[in-house]
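The values are calculated or read from the model by the stated rules, or taken from the named source; none is laboratory data. None of the values given here were measured: they were computed from a predicted structure. Reconstructed Cβ throughout: ideal geometry from the backbone, glycine too, with neighbour counts over all protein chains shown.
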Amino acid sequence: MKLPDLSGDPPRDPLLERTLRDALPGAPADTDWDRLHHAVDARAAAVMARRGRRWWEYAAAWSAAAIPAAAAAGLVLFALLAGARAQADEAARMTPAPLMEQTLALDIADADRSLVNDDGGDWLLQDALPAPEGR
Amino acid sequence: MAAAAVAEAPRSRAVAQPPEGPDDLLLVERVRAGDTEAFGTLARRYSRRALSVAYRVLEHPEDAEDLVQDAFMVALEKIDTFRADRAFAPWFFRILINRALNARKARWVRRTSEIPADAPAGGGTPEREAERAELRERVAAALAVMAEPRRTIVKLYELEGFSGPEIAEILDLATGTVRWHLFHARSALREALGSYAP
């Protein structure tokens, strides 16, 4: 069998081509080209409209929903922060009262013993502070 | 207009011929810039040949039309990936033929119209018609046993007038591979056609 010459295209064979064309019908001659072209144009216009939009156009399109949403989110955030701050203030206001009550309720001797007790071994403080009466 | 001549004269070498009107690459640039009309010009330039190629693969007129539309839309969607240092036509026909072969493989085709033995072939004497019918049967039988991409290669070369390098680019094959397939396809067809072919 003859080997093919792959260095170039084989010469055109008009007889083979005509025979094939005779045997294999081509696309129908009655194709409605206007309809086909209009269909392509319509679909292309839709694709072009989609791909032609830049980011700011998408942003503009979304702004109608995005601006109210952002405002609502801001209000919610503000309310949360205000609530948290009020809670912190309340906590700060309430914290000293029990301490004060506890301090006032302490007997001075108890207070003294809380600093220097008998078995503490802190001689400097014992010397510096007068011994409570009756001890 | 050359584009019309391309479609109407099946043997013309459309891909190699510079078309009249704006250059393909100029039109592509305009399409990229958002010019829908430029895309319409491209579509009209290649639609006839595209339909012919699609029909050769799918052998069904409505499916071929649908495929042509889809291929143009895919080309438009991917227009930014088209490299300006290449020709537009092989790039577009690559999209078209890949989709056609996939559609055919996936049996997307609603019905494949076998070439009817009694299909009209342009008139003639009863003897001539009988001869043509037998010819169609032989060609159909030879192509039926021919595997892809050989079948598509021989159709593109013999009937659509693409060159070996163009087919190679369209089918993403080496040019030598295309010529190898073409050689064997032609041999098979000549054998099948017997006395009908030279």
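Tabulated values for the structure
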read-out	value
Some residue of the stretch B:94-113 being modelled with pLDDT under 90 and either within 12 Å of another protein chain (Cβ to nearest Cβ) or within 20 Å of A:Arg18 (Cβ to Cβ) (or both)	yes
Cβ-Cβ under 9 Å pairs, at least 6 apart or on other chains, the stretch B:141-158 side over 16 Å from B:Asp172 (Cα atoms), far side assigned to a loop (DSSP other than H, G, I, E, B)	B:Leu143/A:Leu24; B:Lys155/A:Leu24; B:Glu158/A:Arg12; B:Glu158/A:Asp13
Whichever residue in the stretch B:74-89 is outside any loop (DSSP other than H, G, I, E, B) and surrounded by fewer than 19 Cβ atoms within 10 Å (Cβ to Cβ) and, among such residues, is nearest to the chain's Cα centre (by Cα)	B:Val74
Subset of the stretch A:39-78 (residues that are among the charged types (D, E, K, R) and at pLDDT below 80)	A:Arg51, A:Arg53, A:Arg54, A:Glu57
Filter result (modelled with pLDDT of 85 or more and within 21 Å of B:Ala140 (Cβ to Cβ)) within the stretch A:9-28	A:Asp13, A:Leu15, A:Leu16, A:Glu17, A:Arg18, A:Thr19, A:Leu20, A:Arg21
Residue pairs meeting the criteria (Cβ under 7 Å; at least 6 apart or on separate chains; first within 20 Å of B:Glu166 (Cβ to Cβ) and touching a residue at least 40 places away in the same chain (Cβ under 8 Å), in the stretch B:91-106; second of a type in the set (S, T, N, Q) and crowded, with 20+ Cβ neighbours inside 10 Å)	B:Ile97/B:Thr152; B:Leu101/B:Thr152
Single residue of B:Glu77, B:Glu37, B:Glu65, B:Glu29 found to be touching a residue at least 12 places away in the same chain (Cβ under 8 Å), of a type in the set (D, E, K, R) and within 13 Å of another protein chain (Cβ to nearest Cβ)	B:Glu65
Exclusive hit being facing another protein chain (nearest Cβ under 7 Å) and either small (Gly, Ala, Ser) or within 60 Å of the chain's Cα centre (by Cα) (or both), set A:Gly8, A:Gly26	A:Gly26
Pairs, first more than 8 Å from chain A (Cβ to nearest Cβ) in the stretch B:172-187, second assigned to a helix (DSSP H, G or I) and of a type in the set (D, E, K, R), C-beta under 6 Å, six or more apart	B:His181/B:Arg150; B:Ala185/B:Arg150
